[in-house]
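First comes the structure, then the notes that go with it.
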Amino acid sequence: MIIETNVTKLLDSKGIKYKLLPHTKPVFTCEEAAKERNVPVDEMIKCILLVDKEKKYYLACLTSDKKLNPQKVRELVGCSRLSFAPKNDIEEVLGYQLGAIPPLLLKTTIPILFDKIIQKKEKVNISSGNPLAGIELDSKTLINLIEPFIGDISD
């Protein structure tokens, strides 16, 4: 099955090596995606949209085996209050549906935060932007492509 998304087009245009991992059915959680792709859950990158009281958005990315620590994110970005963005903001701000969010090619330019554990992974799995496929690539390549803020944002 050939699945082409804006993410695969970007990676192809930059000559970045990756492996497309098609699913047998659409999936919307990291656990389902890991099973479909036959990869360890700790290689899966989940992306969580956060918003502060001034309606400034942040995309927090961490491995799916970790829990996001909002207090650590607040300290990293220097704001007093952060909450999970409402579901209807996700597609509007990011341009992707919940459960199929890659950490790149976002509809809106917002700060992207990576948990420091991602740097320690050899390879990671991200969404292709399509619930029918994921993308496996070298974590350093992904970090160099996105140039996210990196910090300790998980428990």
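State all residues of the range 107-130 that are crowded, with 20+ Cβ neighbours inside 10 Å and not small (Gly, Ala, Ser); if no residue qualifies, say none. Walk me through it before giving the result.
Step one: list which residues in the range 107-130 are crowded, with 20+ Cβ neighbours inside 10 Å, which gives 113-115, 118, 124-130.
Scanning the range 107-130 gives LEU113, PHE114, ASP115, ILE118, VAL124, ASN125, ILE126, ASN130.
From the list ILE110, ILE117, exactly one residue is touching a strand residue (DSSP E or B) at 6+ places or on another chain (Cβ under 9 Å) and within 27 Å of LYS55 (Cα to Cα). Which is it? Break it down into steps so the answer makes sense when it comes.
Details: ILE117 fails: within 27 Å of LYS55 (Cα to Cα).
Sole residue among the options that is touching a strand residue (DSSP E or B) at 6+ places or on another chain (Cβ under 9 Å) and within 27 Å of LYS55 (Cα to Cα): ILE110.
Which helices (runs of 4 or more DSSP H) sit wholly inside the range 82-155 and have at least 2 residues that are in contact with a helix residue (DSSP H, G or I) (Cβ under 9 Å, 6 or more places away or on another chain), of a type outside the set (Ser, Thr, Tyr) and within 17 Å of VAL41 (Cα to Cα)? Lay out the reasoning, then the answer.
On the way: elements: 87-94, 117-120, 139-146.
Of the helices (runs of 4 or more DSSP H) lying wholly inside the range 82-155, those with at least 2 residues that are in contact with a helix residue (DSSP H, G or I) (Cβ under 9 Å, 6 or more places away or on another chain), of a type outside the set (Ser, Thr, Tyr) and within 17 Å of VAL41 (Cα to Cα) span 117-120.
Name, by its number, the condition in (1) in contact with a Ser or Thr (Cβ under 7 Å, 6 or more places away or on another chain); (2) surrounded by fewer than 23 Cβ atoms within 10 Å (Cβ to Cβ); (3) touching a residue at least 40 places away in the same chain (Cβ under 8 Å) that does not hold for ILE135.
Only one criterion in (1) in contact with a Ser or Thr (Cβ under 7 Å, 6 or more places away or on another chain); (2) surrounded by fewer than 23 Cβ atoms within 10 Å (Cβ to Cβ); (3) touching a residue at least 40 places away in the same chain (Cβ under 8 Å) is unmet by ILE135, namely (2).
Restricting to the range 63-88, name every residue that is loosely packed, with under 13 Cβ neighbours inside 10 Å, under 19 Å from ILE101 (Cα atoms), among the charged types (D, E, K, R) and in contact with a strand residue (DSSP E or B) (Cβ under 9 Å, 6 or more places away or on another chain).
We begin by selecting, within the range 63-88, every residue loosely packed, with under 13 Cβ neighbours inside 10 Å; these are 67, 71, 78, 80-81, 83, 86-88.
Filter again for under 19 Å from ILE101 (Cα atoms), leaving 67, 83, 86-88.
Those left that are additionally among the charged types (D, E, K, R): 67, 87.
Passing the criteria: only LYS67.
Going by what's in this entry, would GLY99 be described as surrounded by 13 or more Cβ atoms within 10 Å (Cβ to Cβ), at positive phi and of a type in the set (Gly, Ala, Ser)?
yes
Please tell me if ALA100 is touching a Leu at 6+ places or on another chain (Cβ under 6 Å) and touching a residue at least 12 places away in the same chain (Cβ under 8 Å). Full working, then the answer.
Details: touching a Leu at 6+ places or on another chain (Cβ under 6 Å): no; touching a residue at least 12 places away in the same chain (Cβ under 8 Å): yes.
So ALA100 fails the test.
Could you please let me know if ALA60 is touching a Leu at 6+ places or on another chain (Cβ under 8 Å), buried (at least 16 other Cβ atoms within 10 Å of the Cβ), more than 27 Å from GLU122 (Cβ to Cβ) and small (Gly, Ala, Ser)? It would help to see each step written out before you state the result.
Values: touching a Leu at 6+ places or on another chain (Cβ under 8 Å): yes; buried (at least 16 other Cβ atoms within 10 Å of the Cβ): yes; more than 27 Å from GLU122 (Cβ to Cβ): no; small (Gly, Ala, Ser): yes.
Criteria not met by ALA60.
Considering the range 42-56 alone, what residues qualify as being surrounded by fewer than 20 Cβ atoms within 10 Å (Cβ to Cβ) and either modelled with pLDDT under 95 or more than 12 Å from ILE153 (Cα to Cα) (or both)? Before you say what the answer is, go through the steps one by one.
Kept after step one, since they are surrounded by fewer than 20 Cβ atoms within 10 Å (Cβ to Cβ), are these residues of the range 42-56: 42, 48, 51-56.
ASP42, VAL51, ASP52, LYS53, GLU54, LYS55, LYS56 - these are the residues of the range 42-56 that are surrounded by fewer than 20 Cβ atoms within 10 Å (Cβ to Cβ) and either modelled with pLDDT under 95 or more than 12 Å from ILE153 (Cα to Cα) (or both).
Among the residues of the range 11-33, is there at least one that is under 17 Å from the mean Cα position of the chain (by Cα), charged (D, E, K, R), within 24 Å of LEU68 (Cβ to Cβ) and in a strand (DSSP E or B)?
no
Look at ASP42 and say whether it is under 19 Å from LYS121 (Cβ atoms), not in a strand (DSSP E or B) and not β-branched (Val, Ile, Thr).
Details: under 19 Å from LYS121 (Cβ atoms): yes; not in a strand (DSSP E or B): yes; not β-branched (Val, Ile, Thr): yes.
Answer is yes for this residue.
The values are calculated or read from the model by the stated rules, or taken from the named source; none is laboratory data. If you're wondering where the values come from, they're calculated on a predicted model, not measured in any experiment. For neighbour counting, all protein chains shown are included, and Cβ atoms are generated from backbone atoms with ideal geometry for every residue, glycine included.
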